[in-house]
Every structure is written in structure tokens, then in C-alpha cells.
Amino acid sequence: FTDNASTFNGDQQTFPKLLQQAGYQTAIIGKWHLISEPQGFDHWSILSGQHEQGDYYDPDFWENGKHIVEKGYATDIITDKAIEFLEGRDKNKPFCMMYHQKAPHRNWMPAPRHLGIFNNTTFPEPANLFDDYEGRGRAAREQDMSIEHTLTNDWDLKLLTREEMLKDTTNRLYSVYKRMPVEVQDKWDSVYARRIAEYRKGDLKGKSLISWKYQQYMRDYLATVLAVDENIGRLLNYLEKIGELDNTIIVYTSDQGFFLGEHGWFDKRFMYEECQRMPLIIRYPKAIKAGSTSNAISMNVDFAPTFLDFAGIEIPSDIQGASLKPILVNEGKTPADWRKAAYYHYYEYPAEHSVKRQYGIRTQDFKLIHFYNDIDEWEMYDMKAAPREMNNVFGKPEYAEKQKELMQLLQDIQKQYKDTDPDEKEKVLFKGDRRLMKNR
């Protein structure tokens, strides 16, 4: 599954199907965003609408083949549904539940109880908020995810009054605003009134305007995250209450990291650290020592074999990842034959945010990226010397040997994952993809 214009083929083998066959009760609740109907789950209740990511307020769900609308805030509702599944399950069977929050996806709409909670907080700016992309190529310059230019006044910054939204009901913000109960709309109007007034004074420009937009973005983003923190705690408390907390492998992760102003951006997609790196925290006191950490390079293809390994199920030979269990149960120690690099490939261009197609590798100390398709540009970073990835050393004589080594490692890894010759393959698709994304 390579991009959001595709539909996931649910007929293929997946780890929930293998767990089902081994007697597990399986469920997925929350964000799915794969278009097709989930397979391999005894129970599923997934967000629909807003391009399948769902709405924050009174969200639509597609539940076991039936469309329903739930009243309330998405983060709370997803947790309610997760607890309902756990309460109603067959207590004599093991279970696997995928609990997927929408938050904090764009456009960062906090729970009613958290609206305005950071209005008086000033967040520190990242050192490269005003990055000028010197030494880098078109990919960094031609993206469409900048805090300065891409954040919209209505959808992202919430700079419309109620009267203005009612006047133009085609506005995207109105479509979600009208889902709120009247009392929540009243609080929303009150909270964002100061922001609207500040903006309309008209004395913000240049770097001052970027800094101001950054603060509004952070206030909404982090207020939206608060409900996730609360609800994860609520779910863990429930497991503790029913005596299953220490008997359950709990995996906390994400689909990507996210730019919070670094390089002047929001969103993700690039192979740079802020979005390539993902949280991965696993709790299972029966086998994993609390507080242990690991520097082993992991990838999302490792999740399935890790789950199967812990469940005592044979790992099929066609799975591309590696089980993390040997590392987790050995206090984070990396096996001698562990992978040397993570592989990354981003396929979705042309599309929203205009991030160029790219592939590359990340070792412990270096990163190599190739931007391709409508451009042909390479970037290489010495992560120890320049962790903010603002000093592209590709082609510099002093890095010639390391560059040669990384180029060979990249080829070897592409062969391993059967992702060879993506340049030629994707050039053929480029024109068709442009049409496809337009239709999408």
C-alpha cells in the first residue's frame, strides 16, 4: 500500500488474520484510512468521512458494515468503543485490539474541555523555523507545507467568526463547526475571538507573522494531543481495573513523526528526522524490563513479526520485517547480525503538500536520500555532526568514501525489499498519477 490514492487489498495476508487463526479475538477501532473494508477482525469500528480520517466532533463510523454517527469528541469515543470491546469479549480467549486515534491529524481541533487551554502559553521556537534551505535542492523549496504559506486562515488557523462561517457555508471549517453542539460552538467562538482580533490588527508581517502562526499552530496541536494522553491513561486504568494490565503487551507508536515548525514546516512525508522517527514504546513486565531502551534500528515492517513472535505463532517467510522480541527481552541489546540501516520510500507525488518522491536509508550516523521522478537530486547528512539536517554533504570530497559505501548499502537494501529501479518504474507512472490524484 503505497499512497492515499490507492485502495488496500484486504485479501492479502495480514497479522490479524494469522492471530485469528490461532484463536485470538481481533478488533480495530478508530482510524483506518485504507478505503477498503477491514478483514481479519472479529469486530471493527472505523472512522469514515473527511477522506476516511473522520471528524473530531460527532464523527461518522463504519462499524461492522453499518454506517453510524456518534455524538461527542472522536478521541473520547474511540476509547469508549475500545473499552466496550474489552468488556464484551470472550474472557476465555486472548485478544488483539488495534486502538487508533485520529488525533492529532490536521486540522487540530481540541476537545471542548481543552479549547483555549494554551492561549496564554508561548512555546519555544525551533532553531530552524526560518530555514532558507541553503545547500538543498528543489524538494525542500517546492513543498507546500510551510507555516508561512500553507496554513490556511480558515481551516488551520480558525480565523473566521461564526457570522462569517454562516455567511459562507461552503467553507470547510463550517462543515465541521456545524457538527458541534451549540454550547461547544459558543466556547469555540469565545476562545478564538482573541486570535481573530490579534490577526486583524494587521501589524504582523514577515518573521513576526510566521512566529505568530507558529504559536497558534502549536496551541491547537498540543491541546488536541492532551485528549490522547488522557484517553491512553483511561484505557490503561481500565486494563488495570480488570486485572489484565500486566498480562497485556501494550505497544504505543504512530504512523509518522510530525514537523512542529522545524524547517518552517508542519505535516510529515519527508525523510528528515522529525517525521522519519516514530515513537515506539512497549510495555510487558513479564518479559520486558521497565526503563530499558535500545538503539537498534527498527521499521514498521517489524511490527507484524514482533506481534506474532510474542504470541508464539510461526512467522511466515514472506514477511519482510524482523521480530523485535530478541531485543526487547534482552534489555535492548542489539544482535550482532541486526540491520545496518532503515529503508524509506515515499511515493505520493504529485499530491497534497507537494513533497517529492524519495527513497533512502538511515544508518546510525548517516542518512542518504534520493529525490526522483520529476527531479534527480541527492542529499546526504552526517547525523552526528549536523543533526538538524541543514548541511547537505552529498558530493563533498571529504565524504566520498562514506558516500560510496552508503550508495552500495542502499542498492543492497532495495534488492532485499524488492524495491529495485523505482526511478524508472515511477517515471512511467508519473503522467497517470497526476490524473489519478486530480480525480481523487
Legend entry - residue 255 modelled with pLDDT of 95 or more, among the acidic types (Asp, Glu) and part of a loop (DSSP other than H, G, I, E, B): no
Inset, instruction - Just give me the residues in the range 47-71 being under 23 Å from the mean Cα position of the chain (by Cα), on the phi > 0 side of the Ramachandran plot and of a type outside the set (D, E, K, R), in sequence order. - result: 49, 50, 51, 54
Legend entry - Of all residues making up the range 115-146, the number that are surrounded by fewer than 16 Cβ atoms within 10 Å (Cβ to Cβ), outside any loop (DSSP other than H, G, I, E, B) and either in contact with a Cys (Cβ under 9 Å, 6 or more places away or on another chain) or in contact (Cβ under 8 Å) with a residue 24 or more places away in the chain (or both): 2
Inset, instruction - Run down 40, 23, 54 and say which single residue is in contact with an Asp or Glu (Cβ under 9 Å, 6 or more places away or on another chain), small (Gly, Ala, Ser) and in a loop (DSSP other than H, G, I, E, B). - result: 54
Legend entry - Test for residue 154: is it surrounded by fewer than 14 Cβ atoms within 10 Å (Cβ to Cβ) and not small (Gly, Ala, Ser): no
Inset, instruction - Return only the number of the condition from (1) assigned to a helix (DSSP H, G or I); (2) surrounded by fewer than 17 Cβ atoms within 10 Å (Cβ to Cβ); (3) of a type outside the set (A, V, I, L, M) that residue 286 does not satisfy. - result: (1)
Inset, instruction - Determine whether the range 28-46 contains at least one residue that is more than 20 Å from the chain's Cα centre (by Cα), of a type outside the set (Phe, Trp, Tyr) and surrounded by fewer than 15 Cβ atoms within 10 Å (Cβ to Cβ). - result: yes
Inset, instruction - Just one of (1) farther than 30 Å from residue 352 by Cα; (2) part of a helix (DSSP H, G or I); (3) not charged (D, E, K, R) trips up residue 75, so point out which. - result: (1)
Legend entry - Subset of the range 348-395 (residues that are farther than 12 Å from residue 271 by Cβ, under 24 Å from the mean Cα position of the chain (by Cα) and part of a strand (DSSP E or B)): 366, 372
Inset, instruction - Working only within the range 258-283, note down all residues that are in a helix (DSSP H, G or I), touching a Ser or Thr at 6+ places or on another chain (Cβ under 6 Å) and among the hydrophobic types (A, V, I, L, M, F, W, C). - result: none
Inset, instruction - Tell me which of these residue 424 doesn't satisfy, since it passes every other one: (1) farther than 20 Å from residue 4 by Cα; (2) out of contact with any strand residue (DSSP E or B) (no Cβ under 6 Å at 6 or more places or on another chain); (3) acidic (Asp, Glu); (4) at pLDDT 95 or above. - result: (4)
Inset, instruction - For residues that are surrounded by 17 or more Cβ atoms within 10 Å (Cβ to Cβ) and basic (Lys, Arg), scanning just the range 72-105, find the one that is farthest from the chain's Cα centre (by Cα). - result: 81
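The values are calculated or read from the model by the stated rules, or taken from the named source; none is laboratory data. As the structure is a prediction and not an experimental result, all values here were calculated from the model. Here the Cβ is made from the backbone with ideal geometry for all residues, glycine too, and neighbour counts use every protein chain on show.
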